[in-house]
1. For Met63, Met215, Met267, Met274, write out the residues from largest to smallest accessible area, computed with a 1.4 angstrom probe and no ligands counted.
2. If I take R0 = 30 Å and measure r between the Cβ atoms of Phe227 and Ala277 in this structure, what FRET efficiency does the formula 1/(1 + (r/R0)^6) give, to the nearest 0.05?
3. At 7 Å along Cα-to-Cβ for each site, give me the label-to-label distance between Val51 and Ile148 in nm.
4. Residues in segment 370-406, backbone N under 12 Å from the label point at Glu345 (7 Å along the Cα-to-beta-carbon vector): list them, ranges by number please.
5. Between Ser357 and Ile85, take the C-beta separation as r, use R0 = 41 Å, and let me know the FRET efficiency to the nearest 0.05.
6. What's the FRET efficiency of Leu67 with Leu193 using the Cβ-Cβ distance as r and R₀ = 45 Å, to the nearest 0.05?
7. Just to make sure I understand: if all protein chains stay in place, what is the order of Ile534, Ile140 by accessible area at 1.4 Å, largest first?
8. Give me a comma-separated list of calculated 3J(HN,Hα) values for segment 493-500, in order, Karplus coefficients 6.51, -1.76, 1.60 applied at θ = phi - 60°, integers in Hz, x for any Gly or Pro.
Amino acid sequence: MNLVKQLILANRLSFSVLVVTSIVSGGLNAVFLALVTYSLARPEIQSVQTVSIFVGACLGILMIKVLHRYISVDVSNKTSNQLRIRLSQLVATSSTASLEKHGIAKLLTVLTADVGTVTDFILNIPAKLGNAAFLLGAMIYLAYLSGIGLFAGMLGITMLLMVVYSKVMAASKAHFQRVRQEAEIMMGYQTDLVNGYKEIKMDAGIGRRLIEDCMRPSNQRLADALFKAGMRHGFGLIFGAALIYLFVGIVLFTFPVMLNYSTEVVMGYVIAIMAAANPLQSVLEIYPMFARARVSAEKIAALQEELEHIQEHIGSASAPVQPLSFSKIDLSGVTFSYNEHDGGETRLGPFDLTVCSGEVLFLSGGNGSGKTTLSKLICGLYVPKSGTLTLDGQVIAESKLSLYRQHFSTVFSDFHVLKNSPQIYDLTRLAKHSLAGGFGLDESQYLRGGVISSDELSQGQRRRLAILMAINIDKPIYLFDEPGSDLDPDFKRFFYGTVLSHLKEKRATVIVVTHDDNYFQYADRLLGLRDGRIVSGNASLKDLPGVVQSSQVAGA
């Protein structure tokens, strides 16, 4: 639970005030209980002083409740925000390949469910301490009423039963671990359901198998784990209730007859025990809460440690002071590898390549040839396993990747427009771009209600919007991965014939990943890739015999 400790220490002042107010509140509630039983048992000795103490205790309890609520909300917000922002920063600065390996389901489960569980546990600690303080005050009052001998005996029995309870509840951690594991699996299925709704609509069998063969069994396992964990929790609550009933019965039927205690003592014990019922159950609930929080904290800590291990030391991401420019980019002996699920490794490269300023470079090849991987290596999205990446003769170390990446404006094949955060884009310039009319997009189509409403656009329109947003940014290099995959023939011609010409006139460098040989003539240079290597074409396109040969290179 080092994570919980770190969060508490990060908010030590607010948390300390919260703990103190909880303990004071519990103590005042104990004073309130003592005043009530004292006044009921001995009404003849009520005085102005007694009433004053009663009123003071009530006002103190109410004031502390207000302060406690205020600080509780503040601490809850701070801890959850700090944790989410910290994890988000780690995700944002982790290596691309590692994030692709983790998958969205694992990341979302940690960022949502686990963060909430840990935050709730931290928030409940002061409240539990307040209840514990009340129980302590009530016990002191009972010791005062009956004498230390009897009270010590009953306290000993209570502690013994509490030890038995903790041993029984210790087994609940395994159930909460199962709940957490199944929740992550279900998150994966739900992600597939939401992201793959079109495929599911088109093939009822896929949807049926996803629901019946995947989601339903997983949901049943999750329900079973929740049931077993809930029964453990319920047993703890029943145990606490049984403890209350046991003590009330002992007081009612043994104190007056067998021990000859006065009505004041009996009434004090009964009222104190009944008043302690909810606080005692609240204290007993701390263990299942702790078990859930421990599982979530372990998941968060494991992800945090893993993300910290795969951090890219890319330096500052601040915008450059001067406009970026370059003469050439060189890849020398650059390799990259993917770790397979069976423990094997897929190796690509070595790549030896020079990208010159102002050229239009096409990367072509079949599926799995390595063209997208090479494009990600060129733009610095992937960090080479070996070899060197240089810009104008300067080696791009990992600490300089952030500034290097800012040379690029990109639209990948699986592009994503941050539609919920339009303020990060300069959308006012889109409609004013000299080529905006050719994209066939009106501002009312993509900007509604303060968000980018790309979901209402067709896939082709979304890609057009992404391309327009990319060329709207002044960068020395533009990278487009399979730009024609969702585009109609007319816009393909517009993209290759007009957009690329416009960028070339700006003396920008353009890198296009494509297998569409109908437009190879727009490239200054064509690279053919196969099996993770450059197999041909590392020369000017005009030196090639013709487009026909280029097509053959692409399919090689």
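1. On the way: Met63 135, Met215 25, Met267 60, Met274 110 Å².
Per-residue accessible area, sorted high to low, gives Met63, Met274, Met267, Met215.
2. On the way: r = 26 Å, r/R0 = 0.86.
Efficiency at R0 = 30 Å is approximately 0.70.
3. Simple spin-label model gives 3.7 nm for this pair.
4. In segment 370-406, the label zone of Glu345 (backbone N under 12 Å from the point 7 Å along Cα→Cβ) covers 385-386.
5. On the way: r = 38 Å, r/R0 = 0.94.
Calculated value: 0.60.
6. Result of the calculation: an efficiency of 0.50.
7. Values: Ile534 45, Ile140 110 Å².
Highest to lowest solvent-accessible surface, that is Ile140, Ile534.
8. After applying 6.51 cos²θ - 1.76 cosθ + 1.60, I find 4, 5, 5, 6, x, 9, 5, 5 Hz.
The values are calculated or read from the model by the stated rules, or taken from the named source; none is laboratory data. The structure presented is a predicted model; accordingly, all values stated were derived computationally and were not measured. Virtual Cβ from ideal backbone geometry, glycine too; neighbours counted across all protein chains shown. For accessibility, only protein heavy atoms count, side chains too; no ligands or nucleic acids. Shrake-Rupley method; radii C 1.70, N 1.55, O 1.52, S 1.80 Å.
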